[in-house]
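Okay, so here's the structure we're looking at.
The values are calculated or read from the model by the stated rules, or taken from the named source; none is laboratory data. Only a predicted model underlies this, so the values are computations on that prediction, with no experimental measurement involved. Quick reminder, even Gly has a Cβ in these numbers, built from the backbone with ideal geometry, and neighbours come from all protein chains shown.
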Amino acid sequence: MIKNSCLSPITIAGMAICLLACGLVLFASDGVAQDDAATGTIRERIKQRWIKKQQDKPASESSTDSTTRIDKPGDYTFSIVHDGLTRMYRVHVPRIYSAATPAPLVLAFHGGGGDMNYHATDKYYGLISKSETAGFVAVFPNGFSKLNSGKFATWNAGACCASARDENVDDAGFVRKIIGNATSQLNIDRNKIYATGMSNGGMMAYRLACEMADTFKAIAAVAGTDNTTSCAPKAPISILHIHARNDDHLLYNGGAGKTFRDQSKVSDFTSVPATISKWVKLNSCNPTPQRVLDTPGAFCDKYSQCRGDVAVQLCVTETGGHSWPGGTKPRGDEPASQAISANDVMWTFFTSTRVPNAPKNSGQ
């Protein structure tokens, strides 16, 4: 039987300790915090105590039955074995889902040091609410973690990050298996499969654009640039990138911010301009963009006339640091920009993306 469940309530104190420890492992608010020696010692002790608890904590309750049809809205958690590793993912089926109508599918990848449950927390990212209003099935894969709980997880996005990169984890293969399961359990429109992600999760979305452009029709990366080590997409693919100009983790103009305590766990990150230039060339777009959104605190530039009628779009917020625009942060540092909603911009971009070579009156 498939397990249909909701997140358990978490005490404020427990969440505070969890977030502090998680931030110290790789990304604090999806980025590593840098402290003075005294504070670092205290936080290191808290981190070690929290990691010990996580090592003793079992994985989220899940089902290994990834073949039975899903015919009811709700939240489902699955565990599967891929490449010798037990991997987990969550599926949210919106209330308006009908097995008679093909639904879009969005895979949402958490940031480095996070996990699927954190990324599915609606008050931080709002993706569950967006799934409900837009009608897409949302999947939250869990990155590679050495803990049974799945926490402190990372993605192998090429040059980043941490254990997933160092152990050359087959995350692309894991994603292929998730999509195979989702399309057999649900009525999914295979022409409307998308990926999005935060930070290391955004980098993972770029890896999928490089390796699975024949599966994904568009990706949206937030605060995570293209750090793939090779890229030969099989088809044109639409690219949306969202980034804060003052991001102090993945610097807008390239490199890793000083907030990373151990830069060997990350990379000398590709800049936002270099990422956009790369995909404008790969998609053979007109190199001169058009300003499609200009609002106080943010703008969006779109590159069109691309091969396959895809598009490349860059949205920049002036503030927000390393965050998901429109969302909220649990920590007390700079709040996320509210000048735009990453979810709204993303979904507008996805739904405006035409399937390559499809007739223009097809609704794509």
Those residues of segment 220-237 which are touching a residue at least 24 places away in the same chain (Cβ under 8 Å), of a type outside the set (D, E, K, R) and more than 20 Å from residue 298 (Cβ to Cβ), in sequence order = 227, 228, 229, 230, 231, 233, 235, 236, 237
Residue hits (segment 86-105; surrounded by 12 or more Cβ atoms within 10 Å (Cβ to Cβ) and touching a helix residue (DSSP H, G or I) at 6+ places or on another chain (Cβ under 8 Å)) are 87, 88, 89, 90, 91, 92, 94, 96, 104, 105
Filtered residues of segment 109-129 (kept if out of contact with any helix residue (DSSP H, G or I) (no Cβ under 6 Å at 6 or more places or on another chain) and part of a loop (DSSP other than H, G, I, E, B)) | 115, 120, 121
Evaluate segment 105-119: report whether one residue or more is farther than 20 Å from residue 151 by Cβ, in contact with a Pro (Cβ under 8 Å, 6 or more places away or on another chain), modelled with pLDDT of 95 or more and among the β-branched types (Val, Ile, Thr).
-> no
Count of segment 286-341 residues which are among the aromatic types (Phe, Trp, Tyr), free of Cβ contacts under 8 Å to residues at least 60 places away in the same chain and out of contact with any Cys (no Cβ under 6 Å at 6 or more places or on another chain) | 1
Counting only residues in segment 121-179 that are closer than 20 Å to residue 343 by Cα and β-branched (Val, Ile, Thr), the one surrounded by the fewest Cβ atoms within 10 Å (Cβ to Cβ) is identified as 133
Could you check how many residues of segment 293-326 are among the hydrophobic types (A, V, I, L, M, F, W, C) and surrounded by fewer than 17 Cβ atoms within 10 Å (Cβ to Cβ)?
-> 1
Which of the residues belonging to segment 130-145 are free of Cβ contacts under 8 Å to residues at least 40 places away in the same chain and assigned to a helix (DSSP H, G or I)?
-> 131, 132, 133
Of all residues making up segment 223-254, the number that are touching a Ser or Thr at 6+ places or on another chain (Cβ under 8 Å) and of a type in the set (Gly, Ala, Ser) = 5
For residues that are without any contact (Cβ under 8 Å) to a residue 24 or more places away in the chain, of a type in the set (A, V, I, L, M, F, W, C) and either in contact with a Gly (Cβ under 8 Å, 6 or more places away or on another chain) or not in a helix (DSSP H, G or I) (or both), tally how many sit in segment 164-215.
-> 1
